[in-house]
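The values are calculated or read from the model by the stated rules, or taken from the named source; none is laboratory data. Only a predicted model underlies this, so the values are computations on that prediction, with no experimental measurement involved. Every residue, glycine among them, receives a Cβ derived from its backbone with ideal geometry; neighbour counts consider all protein chains shown. Just the protein is used for accessible areas: all its heavy atoms, side chains included, with ligands, DNA and RNA removed. Shrake-Rupley method; radii C 1.70, N 1.55, O 1.52, S 1.80 Å.
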Amino acid sequence: MISLRFFKRIVRRLLTQRWPAIVATLASAAVIWSLLLYFTLAYYLADDPRLVPDTFRHARRPILIIAHPDDETLFFSPSILYHRHDPHVTRSLLVISSGNYNGIGEQRQTEIHKSCAALGISQDHCVVLNHPDLQDNPEKWWDENLVQDIIAPYIKKWKADLIMSFDQGGISGHINHRAVSAGIRSYVATNEYVPPRYSSLIDLIPSTVPFSWKIIEALLIPATNPDSVGRSLVRKTGKERVLLVSSWQTYLESRAAFGQHESQYSWDRVLYLVVSRYMWFNTLERIG
């Protein structure tokens with residue numbers, strides 16, 4: 001009742017103000033709420049099992065499969081940096097093409113290896129492919145069966161226990177991104193044992209709506225048994241979703257990694273590094 005009366009009082013006060021004052025008040029409220037939500041998720045609930053299920057938290061050999069150099073930082077920074085300080089976790093990055101659309105594939109291959117170094121990924125687990133039929137091209141659909149055949153040996157070689165990649169829409173809609181997603185789905189459909197696969201979903205406030213009750217529960221009820229909490233949530237929701245929010249330090253590491261992609265720097269990319277949701281947080285959903 002107290003909160004309801006307070007809310008009514010605020011609404012009445014807003015109605016007596018001029019439109020510029022109303023807009024300024026609402027904008028300030030949105031900014032404050034976003035900051036509170038960010039600090040809560042990035043620090044207080046950073047590894048809570050209700051937001052990061054046990055399947056994801058317990059992965060020791062995760063692999064990120066992308067289409068082009070720089071996809072790893074532009075779209076998957078919070079994901080690829082998760083567990084970066086855990087000595088028992090070996091992260092791998094597989095890039096399907098060298099990004100040679102503008103004829104600078106060799107330079108971009110050098111840049112991705114520098115990015116891996118900045119991300120803490122060992123060079124023997126940072127591989128860029130250059131198949132003649134899987135070249136960077138925003139107008140060409142890659143053969144998903146060929147993608148499947150190419151990624152399979154690396155998944156087995158590195159004994160991956162978790163796969164991360166694009167969703168069906170390729171995040172940005174790029175046709176090569178979508179083809180990678182299709183190739184991984186083909187791999188999942190034709191192999192008996194497949195590691196759990198997570199795809200990135202399509203800022204902070206809208207994306208946290210599916211996690212709202214989990215956030216509330218996490219704030220009110222401590223997780224005394226993280227594993228059982230994670231399993232119970234999957235049974236309740238039918239889906240296993242992951243919310244990863246970068247701390248300020250993680251964000252700076254992401255920027256440092258993208259800084260290795262010198263050929264991709266432009267004024268719009270500088271803006272992207274600040275405002276893009278993918279630099280700050282990832283929402284993932286388990287597919288298989």
Can you tell me how many residues in segment 246-288 are in contact with a Pro (Cβ under 7 Å, 6 or more places away or on another chain) and either more than 18 Å from residue 166 (Cα to Cα) or of a type in the set (Ser, Thr, Tyr) (or both)? 3
Restricting attention to segment 102-149, and to residues there that are open to solvent by less than 50 Å² (accessible area, probe 1.4 Å) and in contact with a strand residue (DSSP E or B) (Cβ under 7 Å, 6 or more places away or on another chain), which single residue is nearest to residue 82 (Cα to Cα)? 121
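Please go through segment 257-270 and pick out each residue that is open to solvent by 50 Å² or more (accessible area, probe 1.4 Å), part of a helix (DSSP H, G or I) and either over 21 Å from residue 112 (Cα atoms) or in contact with a helix residue (DSSP H, G or I) (Cβ under 7 Å, 6 or more places away or on another chain) (or both).
At the first step, the residues of segment 257-270 found to be open to solvent by 50 Å² or more (accessible area, probe 1.4 Å) are 260, 262, 265, 267-270.
Applying the additional criterion that residues be part of a helix (DSSP H, G or I) yields 262, 267-270.
262 - this is the single residue of segment 257-270 that is open to solvent by 50 Å² or more (accessible area, probe 1.4 Å), part of a helix (DSSP H, G or I) and either over 21 Å from residue 112 (Cα atoms) or in contact with a helix residue (DSSP H, G or I) (Cβ under 7 Å, 6 or more places away or on another chain) (or both).
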Take residue 21 and tell me if it is in a helix (DSSP H, G or I) and at pLDDT below 75. yes
Flag for residue 112 being within 26 Å of residue 249 (Cβ to Cβ) and β-branched (Val, Ile, Thr): yes
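Yes/no per residue for (1) among the hydroxyl-bearing types (Ser, Thr, Tyr); (2) open to solvent by less than 60 Å² (accessible area, probe 1.4 Å):
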residue: 66; (1), (2): no, yes
residue: 70; (1), (2): no, yes
residue: 74; (1), (2): no, yes
residue: 88; (1), (2): no, no
residue: 98; (1), (2): yes, yes
residue: 151; (1), (2): no, yes
residue: 156; (1), (2): no, no
Close pairs (6 angstrom Cβ cut-off, 6 or more residues apart or separate chains): among the basic types (Lys, Arg) in segment 260-288, surrounded by 14 or more Cβ atoms within 10 Å (Cβ to Cβ) anywhere: 286/196; 286/198; 286/240
Segment 173-205, subset more than 30 Å from residue 41 (Cβ to Cβ) and at pLDDT 95 or above, residue most open to solvent (accessible area, probe 1.4 Å): 175
